[in-house]
Amino acid sequence: MRRRPIYYVLRLVLVGLLVSGGWTAFVLVGSSWWTLAVAVLLAVAFAQLALVAHDLAHRQVFRTKGSSAIARRIAGNLGIGMSYGWWMDKHTRHHNNPNHDDLDPDVAPEVLIWATSSAAGRRGLAGFVTRHQARLFFPLLTLLSIDLKVSSIKALRAGVVKRRGLETTLLIVHAAGYLAALPLVLSPLRALAFLIVHQALFGVYLGMTFAPNHKGMPHPTGAEDYLRKQVLTSRNVRRGWFVDVALGGLNHQIEHHLFPAMPSANLRRAQPVVRRYCAEIGIPYEQTGLIMSYRQALRHLHEVGAPLRTARKPRNIQPRRAE
């Protein structure tokens, strides 16, 4: 549980350089179709900044609440254009009851359906999406960035976010700077292409960092104790330098859910202790590779949509025999 100041200084500096370097490249490349490569770079930079904001929100970086609040609003509101207050409320409820059908907002029945009972009765476009949601999962992630912004605005308008005025101001500054930079540097067509590529890939990357963690894992009833509620609903992804960097340490999801304030760099050290204890008391400990984690999530989505696909199949009507 000890702080890792040197680790976070290096990580904050590197992510800051990645973001500032991306915007510098955006200006230097100018109105060229190579700007789409810069859009890819900035999508990665935004996702890495979001992962840093996640650690800041859990107070893994700074000791004091005030410093953490300032840093996470700079990273979240000003940096990537998402309300920290709205996300923090949503994420806290997720941590308290992961994968609970009624209490975890991350599995609430919206565009994607994670519980078979929620799929019943869906018609029209919603029914089409549910029937084919496994195939549509990654394409739908391209809209995640827009969804985060829309949800942030709704929360601020509803007045359910603390420091509403400050968060609104930071979001306006982010939007104004972002939308002003595009037409100043790029032609209208290239500006539109940059916007689409950047926001779409940012959403895909961000969604891919969270999908391996809980999707396709059991949905608890609420009667489980804290240990079982956190371990049984979470999935670890086998580590390696690429996975550690790409997922920002969230590949150790079980340990993160058991110890949310533990610096992400320490989670790998806690893993052998947690895994050994789970084996001692007979609690399943799920760990798999990165690709397999996506397969499990997609398989679960496919199974949830199965009843709607079955209901649409025409019945085989046997002709009546003449008497």
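Things worth noting here:
For (1) of a type in the set (Lys, Arg); (2) under 19 Å from Tyr8 (Cβ atoms), each residue gets a yes or a no:
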| residue | (1), (2) |
| --- | --- |
| Lys229 | yes, no |
| His252 | no, yes |
| Ala265 | no, yes |
| Tyr277 | no, no |
| Tyr294 | no, no |
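- Top-ranked residue in segment 158-210 [being in contact with a helix residue (DSSP H, G or I) (Cβ under 7 Å, 6 or more places away or on another chain) and either outside any helix (DSSP H, G or I) or among the acidic types (Asp, Glu) (or both); ranked as nearest to Ala47 (Cα to Cα)]: Glu167
- Checking Arg295 against (1) of a type in the set (D, E, K, R); (2) within 30 Å of Phe128 (Cβ to Cβ); (3) in contact (Cβ under 8 Å) with a residue 40 or more places away in the chain, the condition it does not meet: (3)
- No other residue among Leu201, Leu186, Leu182 is surrounded by 18 or more Cβ atoms within 10 Å (Cβ to Cβ), within 16 Å of Phe138 (Cα to Cα) and hydrophobic (A, V, I, L, M, F, W, C) apart from Leu201.
- Ser83 being of a type in the set (Gly, Ala, Ser), in contact with a Ser or Thr (Cβ under 7 Å, 6 or more places away or on another chain) and closer than 23 Å to Val197 by Cα: yes
Residues checked against (1) buried (at least 17 other Cβ atoms within 10 Å of the Cβ); (2) within 22 Å of Ala69 (Cβ to Cβ); (3) at pLDDT 90 or above:
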site	(1), (2), (3)
Ala119	yes, no, no
Arg122	yes, no, no
Gln133	yes, no, yes
Phe137	yes, no, yes
Leu143	no, no, yes
Asp147	no, no, yes
Val161	yes, yes, yes
Arg164	no, yes, yes
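- Segment 217-256: number of residues that are closer than 24 Å to Leu298 by Cβ, surrounded by 16 or more Cβ atoms within 10 Å (Cβ to Cβ) and touching a strand residue (DSSP E or B) at 6+ places or on another chain (Cβ under 9 Å): 10
- Apart from one condition, Pro220 fits all of (1) part of a loop (DSSP other than H, G, I, E, B); (2) within 19 Å of the chain's Cα centre (by Cα); the exception is (2).
- Residue match in segment 123-131 (condition: out of contact with any Gly (no Cβ under 7 Å at 6 or more places or on another chain) and touching a residue at least 60 places away in the same chain (Cβ under 8 Å)): yes
- Taken over segment 106-121, residues that are touching a residue at least 40 places away in the same chain (Cβ under 8 Å) and either under 23 Å from Thr142 (Cα atoms) or of a type in the set (Val, Ile, Thr) (or both) amount to 8.
The values are calculated or read from the model by the stated rules, or taken from the named source; none is laboratory data. On a predicted model such as this, the values are computed, not experimentally measured, just so you know. When we count neighbours, we look across all protein chains shown, and the Cβ atoms used for this are built from the backbone with ideal geometry, even at glycine.
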